[in-house]
C-alpha cells in the first residue's frame with residue numbers, strides 16, 4: 001500500500017483542487033474520431049471513497065461485457081460535460097448535482113472504436129441509490145480507491161490490433177478485468193492523486 005502525506009479524504013480534496021486548477025478543455029475528437037464523455041465518480045465510504053465502475057451488457061458492440069466508467073457518445077449540439085451527466089443518469093439512474101462534478105480530469109482515445117473520451121471527476125457527498133439501466137448495465141462495481149493505490153494491483157500489457165499496438169495498464173479486481181481506455185483514465189486520475197498525496 002502507498003504511504004500518504006495526507007489522509008485519503010484530504011488527498012481526494014487536494015486532487016479536486018488540482019483538477020480545477022488545470023482547467024482542461026474538452027476535446028471534440030481527433031480527425032476521424034467521435035467524441036464521448038465518462039464520469040469517474042468517487043462515493044464516500046467511512047474515511048475513504050469507492051470508485052464506481054460497471055460491466056456492460058452483451059450488445060454486439062466493440063466494448064460489450066467490458067468493465068467501464070459510466071458514459072457514452074456525445075450527441076449533436078451537446079457539450080462534453082452535459083454528455084457525461086446525461087449518460088451517468090441514463091446508465092446509473094443517478095442525477096449528479098453541479099457540486100458533484102469537479103471538472104475534466106483527463107482525455108484519452110480508444111484504439112478499436114475510434115473515440116476521444118473526456119473523463120470528468122465527480123466526488124459525491126452521499127451514496128444515492130443506484131437504478132442501473134438493465135439494457136446497458138450487467139452489474140455495478142464499487143472498487144475501494146485503496147485498491148488502485150497499491151502498486152502491486154496493476155500491470156502493463158501490450159495490445160495489438162491490425163498493424164498497431166499500445167501499452168496499457170490493466171487491473172484485476174475480484175475476478176473483473178479493468179483494461180483499455182477505462183484503465184488508462186483511472187491511471188490518469190491516480191497520477192494526479194499521487195502528485196498531492
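Screening residue 101 on (1) closer than 17 Å to residue 180 by Cα; (2) modelled with pLDDT of 95 or more shows it passes everything except condition (1). If the condition is being assigned to a loop (DSSP other than H, G, I, E, B) and under 10 Å from the mean Cα position of the chain (by Cα), then the stretch 20-71 contributes 69, 70.
The residue that is modelled with the lowest pLDDT, among those in the stretch 145-163 that are part of a strand (DSSP E or B) and either surrounded by 15 or more Cβ atoms within 10 Å (Cβ to Cβ) or touching a helix residue (DSSP H, G or I) at 6+ places or on another chain (Cβ under 9 Å) (or both), is 159. For beta carbons closer than 7 Å, sequence separation of 6+ or different chains, a first residue in the stretch 114-130 that is touching a residue at least 12 places away in the same chain (Cβ under 8 Å) and a second that is in a loop (DSSP other than H, G, I, E, B) and loosely packed, with under 14 Cβ neighbours inside 10 Å, the qualifying pairs are 114/32; 116/30. Residue check: is residue 88 touching a residue at least 24 places away in the same chain (Cβ under 8 Å), part of a strand (DSSP E or B), under 17 Å from the mean Cα position of the chain (by Cα) and surrounded by 14 or more Cβ atoms within 10 Å (Cβ to Cβ)? In short, no.
Every test in (1) in a strand (DSSP E or B); (2) modelled with pLDDT under 95; (3) out of contact with any helix residue (DSSP H, G or I) (no Cβ under 8 Å at 6 or more places or on another chain) is passed by residue 108 save one, and that test is (3). The single condition among (1) in a strand (DSSP E or B); (2) touching a helix residue (DSSP H, G or I) at 6+ places or on another chain (Cβ under 8 Å) that residue 131 does not satisfy is (1). You will find that of 171, 189, the residue that is farther than 14 Å from residue 54 by Cβ, modelled with pLDDT of 95 or more and surrounded by 17 or more Cβ atoms within 10 Å (Cβ to Cβ) is 189 and no other. For the stretch 15-49, the candidate set comprises residues that are farther than 26 Å from residue 140 by Cα and touching a helix residue (DSSP H, G or I) at 6+ places or on another chain (Cβ under 6 Å); within that set, the residue that is surrounded by the fewest Cβ atoms within 10 Å (Cβ to Cβ) is 18.
The values are calculated or read from the model by the stated rules, or taken from the named source; none is laboratory data. Owing to the predicted nature of the structure, the values given are computational and were not obtained by experimental measurement. Heads up, the Cβs are rebuilt from the backbone with ideal geometry, glycines too, and the neighbour counts pull from every protein chain shown.
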